[in-house]
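K.L.:
Before we start, here is the structure in question, set down as structure tokens.
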Amino acid sequence: MPDFSLELNEEQLQLQKWVHDFAEDVVRPVAHEWDEREETPWPVIEEAARVGLYSFDFFTQSFLDPTGLTLSVASEELAWGDAGITLAIFGSSLGLAGIAANGTPEQLFEWGPQCFGTPEKLQTAAFCVSEADAGSDVSSLRTRAVYDEAKDEWVINGTKTWITNGGIADVNVVVASVDPQFGSRGQASFVVPPGTPGLTAGQKFQKMGIRASHTGEVVFDDVRVPGRCLLGGKEKLDEKLARAREGKKSKSQAAMATFEATRPAVGAQALGIARAAYEYSLDYAKERKAFGRLIIENQGIAFKLADMKMRIDASRLLVWRAAWMGANKKPFTAGEGSMSKLYAGETAVWVTEQAIQIMGGYGYIREHPVERWHRDSKIYTIFEGTSEIQRLIIARAVSGVHIL
Ligand SMILES: Cc1cc2nc3c(=O)[nH]c(=O)nc-3n(C[C@H](O)[C@H](O)[C@H](O)COP(=O)(O)OP(=O)(O)OC[C@H]3O[C@@H](n4cnc5c(N)ncnc54)[C@H](O)[C@@H]3O)c2cc1C
């Protein structure tokens with residue numbers, strides 16, 4: 001096991017610079033435009049694919065990194081450029097994570113590359129869990145998958161909502177109930193291959209922030225997928241259902257296994273937004289004058305910046321710890337994955353608001369990016385588990401009590 005170090009090694013520093021340069025040169029200059037257009041920034045994704053950032057290879061290398069820091073470092077830098085575009089680029093990795101968390105190595109290598117396609121023919125992926133009546137409460141999913149034994153096919157019916165890349169994705173990973181009486185223990189994940197009949201796009205949502213990232217509904221109407229699209233395979237599912245029937249705990253739950261793996265990287269994106277806002281407002285405070293002096297000379301402003309920096313650094317420590325623990329298969333006995341996403345998400349909302357306050361009227365208008373960063377930051381307390389759900393996970397883990 002590699003020693004934990006707070007100093008990035010040579011390779012990690014290179015990666016950090018590579019992604020930072022991409023964020024600074026390619027992402028930031030067009031961030032405002034794509035936010036206003038509220039569309040998927042295909043030319044930026046294409047450029048990310050060309051340099052290798054949007055690729056199956058990049059994510060497999062990240063997952064294989066024994067320190068776990070690759071994805072956190074890259075996510076922070078890219079989101080420093082723009083969070084909406086980061087989600088447009090990294091959104092497909094959610095589908096990939098769904099395959100990696102629940103699928104066999106063969107399934108990962110069959111479907112993983114298809115989540116990204118090639119720079120010449122981009123493809124995208126989506127991870128479809130949430131439904132109109134089941135967001136935090138994933139145990140009550142209504143989407144059903146029924147096995148047609150004669151044809152060795154699964155038939156999927158249901159509607160998923162608020163899905164990143166939902167309706168535009170080529171590869172859809174869907175979590176469905178195969179035996180509703182067992183709640184989340186009766187669920188399984190399936191890959192729906194590109195072009196499968198019966199899968200259609202529902203409405204596209206207009207959002208407060210991360211507007212360069214597409215969020216929409218996905219409708220499954222008698223969608224038939226071959227048996228080999230059941231992630232993990234039939235034998236594993238039958239074992240899991242047998243355990244559920246005997247009243248035993250399941251070893252893993254399809255949606256939860258994915259979120260556990262992705263939370264630190266999502267927290268790292270929030271961290272990137274917070275850092276961007278902190279740096280921007282620090283520079284501003286050192287230039288703006290009021291009452292004949294620089295505004296930073298007032299403790300009221302300088303102390304805000306001190307607190308912003310402190311919370312950002314604390315977020316990074318939590319993110320790196322969780323990423324390192326995840327990569328080294330250390331169990332999150334105190335909900336450390338949740339802590340990282342919770343603290344970084346709430347820090348991003350708080351820091352971006354402070355940045356607006358420091359900049360006064362200039363902070364509130366669209367001429368400067370801080371109002372966008374504030375809008376973008378809010379989603380980090382909602383998706384991949386709300387702040388309340390993260391607190392629930394931590395509280396249950398540390399107390400051993402089934403807190404409601
Ligand atoms: C932009 C965007 C992108 C998204 N991308 C995806 C995606 O790619 N794939 C996907 O599957 N989903 C996605 N989601 C869905 C997202 O994960 C859910 O919105 C989220 O989990 C919350 O579910 P909900 O909206 O149903 O809220 P609810 O579960 O209805 O919660 C409403 C409120 O009640 C609180 N609450 C609920 N239960 C409890 C409890 N037990 N204790 C205390 N408080 C509680 C919540 O914290 C929240 O404050 C996305 C959402 C958005 C907005």
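K.L.:
Only loop residues by DSSP count here, and only those with at most 10 other Cβ atoms within 10 Å; note down the GluC sites (Glu not before Pro) in region 120-219 that meet that. Walk me through the intermediate numbers first.
P.N.:
Values: sites: E120, E131, E149, E153, E217; in loops: E120.
Filter output for region 120-219: E120.
K.L.:
Fewest Cβ neighbours within 10 Å first, please rank T118, T124, T381, T386 accordingly.
P.N.:
Working: T118 11, T124 26, T381 19, T386 15.
Fewest to most other Cβ atoms nearby, the residues stand as T118, T386, T381, T124.
K.L.:
Here's something else I'd like to know. Counting only C-alpha contacts under 8 Å and six or more residues apart, can you give the relative contact order of region 10-115 as a whole percent? Could the numbers behind the result be given before it?
P.N.:
Values: 80 pairs, mean separation 37.3, N = 106.
This gives 35 percent for region 10-115.
K.L.:
With a cut-off of at most 13 other beta carbons within 10 Å, and DSSP calling the residue loop, which trypsin sites (Lys or Arg not before Pro) in region 319-382 qualify? Please list them. Walk me through the numbers on the way to the answer.
P.N.:
Numbers: sites: R321, K329, K341, R366, R372, R375, K378; in loops: K329, R366.
Those satisfying the criteria are K329, R366.
K.L.:
Taking the alpha-carbon distance from K204 and a cut-off under 28 Å, which lysines remain once sequence neighbours fewer than 8 residues away in the same chain are dropped?
P.N.:
Partners within reach: K121, K160, K341, K378.
K.L.:
Using only helices, what value at 222 nm comes out for the chain when you add -39,500 (n - 2.57) per DSSP H run of length 4 or more and divide by the total residues, to the nearest 500 deg cm²/dmol? Present the calculation step by step, with values, prior to reporting the outcome.
P.N.:
On the way: 14 runs with 204 residues, N = 404.
When only DSSP H runs of four or more count, the value is -16500 deg cm²/dmol.
K.L.:
Would you order H374, H32 from fewest to most other beta-carbon atoms within 10 Å of each residue's own beta-carbon?
P.N.:
On the way: H374 24, H32 15.
Fewest to most other Cβ atoms nearby, the residues stand as H32, H374.
K.L.:
Another one. If you bin every alpha carbon distance in region 94-142 into 10 Å steps from zero, what whole percent lands in each bin?
P.N.:
25, 39, 28, 8, 0
K.L.:
Within region 359-404, list the GluC sites (Glu not before Pro) lying in a DSSP loop whose Cβ has at most 15 other Cβ atoms in a 10 Å radius. Please list the in-between numbers first.
P.N.:
Working: sites: E367, E371, E384, E388; in loops: E367, E384.
Answer in residue order: E367.
K.L.:
Follow-up question, since we're still on this one. Ranking F220, F58 by Cβ neighbours within 10 Å, fewest first, what do you get? Kindly include the intermediate steps, with their values, before the conclusion.
P.N.:
Numbers: F220 25, F58 22.
Least crowded to most crowded, the residues run F58, F220.
K.L.:
Can you list which of the DSSP-assigned H helices in the chain have a Cα extent of 24 Å or more along the long axis and an average Kyte-Doolittle score of at least -1.0? All intermediate terms of the calculation are to be shown ahead of the outcome.
P.N.:
Details: long enough: 254-285 (47 Å, 0.29); 299-327 (41 Å, 0.30); 336-364 (38 Å, -0.03).
Span-like helices here: 254-285, 299-327, 336-364.
Only the coordinates and a few stated rules stand behind these numbers; no lab work does. Keep in mind the model is a prediction, meaning the values are calculated, not measured. Here Cβ is always computed from backbone atoms with ideal geometry, including for glycine, and neighbour counts include all displayed protein chains.
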